[in-house]
1. Angle check, please: helix 307-317 long axis (alpha carbons) against the longest principal axis of the chain (alpha carbons), in degrees 0 to 90, nearest 10.
2. What FRET efficiency comes out for the pair Ala262/Ser331, r = Cβ-Cβ distance, R0 = 22 Å, nearest 0.05?
3. Under the 0.36 nm per residue contour assumption, what length would be gained going from the current alpha-carbon distance of His174 and Lys158 to full extension?
4. Which residue, chosen from Leu310, Leu222, Ala175, occupies the Cα position most advanced towards the positive end of the dipole of the chain, where the dipole is computed from +1 (Lys, Arg) and -1 (Asp, Glu) charges on Cβ about the Cα centre?
5. Any chance you could tell me what percent of the C-alpha pair distances in region 293-360 go past 19 Å?
6. How are the alpha carbon pair distances in the chain distributed across 20 Å bins from zero to the largest one, expressed in percent?
7. Provide the solvent-accessible area of Glu281, counting protein heavy atoms only and rolling a 1.4 Å probe, rounded to the nearest 10 Å².
8. Of Ala51, Ala335, Ala234, which has the largest mean-square fluctuation in a 10 Å C-alpha GNM of the chain?
Amino acid sequence: MSEMEESWPHPRLTAELRGQEAAESTLLQAAESGRLPHAWLLSGPRGVGKATLAYRFARYLLTEANREVGLFGDAPAGLQVDPEDPVFRRVAASGHSDLLTLERRADDKGKMRSIIPVEDVRRLLAFARMTAGEGGWRVAIVDSIDETNRNAANALLKILEEPPPRCIILLVSHAPGALLPTIRSRCCQLALAPLPQDVIVDLLREHQPSLSPEEAAALARLSDGSIGRALSLARHGGLGLYEDLIALIATLPRLDIKALHALADKWGQGKNPAAFQTGMELFIWWLGRLIRAGSTGGQLAEVVPGEAALAARLLAGRPLAQWLGLWEKISRLFARTEAANLDRKQVVLTAFLDLETVAA
């Protein structure tokens, strides 16, 4: 589970979902139509509620046999199941016999696996072919399908091609374009949009009540519509890291060397172990925003004052292709850091000196 996911309650425990009413309505209408597709691909950015929606839908289907229809036969208004309902409690405790969840887990040595292995997918195949223990649906959630390797994906494809009756498979994906085309073609695709900023602000104020209104608004702008990302940034001091980042970039075309080394010490060797991960992700995110602004001719939306003028100055100095090349280079460097156990301070220094080379 990522840093972002650790900062938010597990989706199986989450009763409320905001900002995704359209996606929820789509699932509700499909369920009530009597022609429910057997597999759904729930896609969208990380932290926008895909897995939360999957668990909401699972609980809804698993309570179908006991759900009371309104006095005049009216359909339910949403997928909500009362947290006090026995089904909600059993799902929260991972104790419902008709629900199976596949996600990355720790290995025998306690280290988190990087993938969902094919052995787990084979458990899903056996689960799906069994008769529902409570006479209703059997539901499987894969969170996320992106974390299966080719063997596991091929094993999953078998059940998508020959779906058992009364079995629903919900696949969560952050990057559906990278999936096997045959998997995408056999699923009903439902894309979840980034959350509105006002929803992010409200959720931040609820879960991080110590934030000021100004801090919550700034974090919402940094979040890209992801409450998971916003909470992770709040937890790891992301707003302060971003302010330091922009302050250093503002010294271009020649970086303030003293400030650069101070930032590299803070990110690479500081007391905050998440500073490197968070800071580098913010650096790469800022470069991406700079490139998008340059490609569209628009103005960079400001998180901190002065960003728009800074972006315009930098874009005027060099062709867009050079900024794109820099983004790719730093992204590759960041990706190699953990795999090759690179020195984090040196990685930060290298990334910013590469930035200076382009901006000079």
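1. Rounded to the nearest ten degrees, it is 60.
2. On the way: r = 24 Å, r/R0 = 1.09.
The calculated FRET efficiency here is 0.35.
3. Working: separation 16, 0.36 × 16 = 5.76 nm, distance 2.20 nm.
Computed gain between His174 and Lys158 is 3.6 nm.
4. Ala175
5. Working: 1004 of 2278 pairs.
So the portion of pairs separated by more than 19 Å is 44 percent.
6. All Cα pairs, binned at 20 Å, distribute as 26, 51, 21, 1 percent.
7. 80 Å²
8. Of the options given, Ala335 has the highest mean-square fluctuation.
The values are calculated or read from the model by the stated rules, or taken from the named source; none is laboratory data. This is a predicted model, so every value here is computed, not measured. Ideal geometry is used to build each Cβ from the backbone, glycine not excepted, and the neighbour counts take in all protein chains shown. Heavy atoms of the whole protein, side chains included, go into the accessibility calculation; ligands, DNA and RNA do not. Shrake-Rupley method; radii C 1.70, N 1.55, O 1.52, S 1.80 Å.
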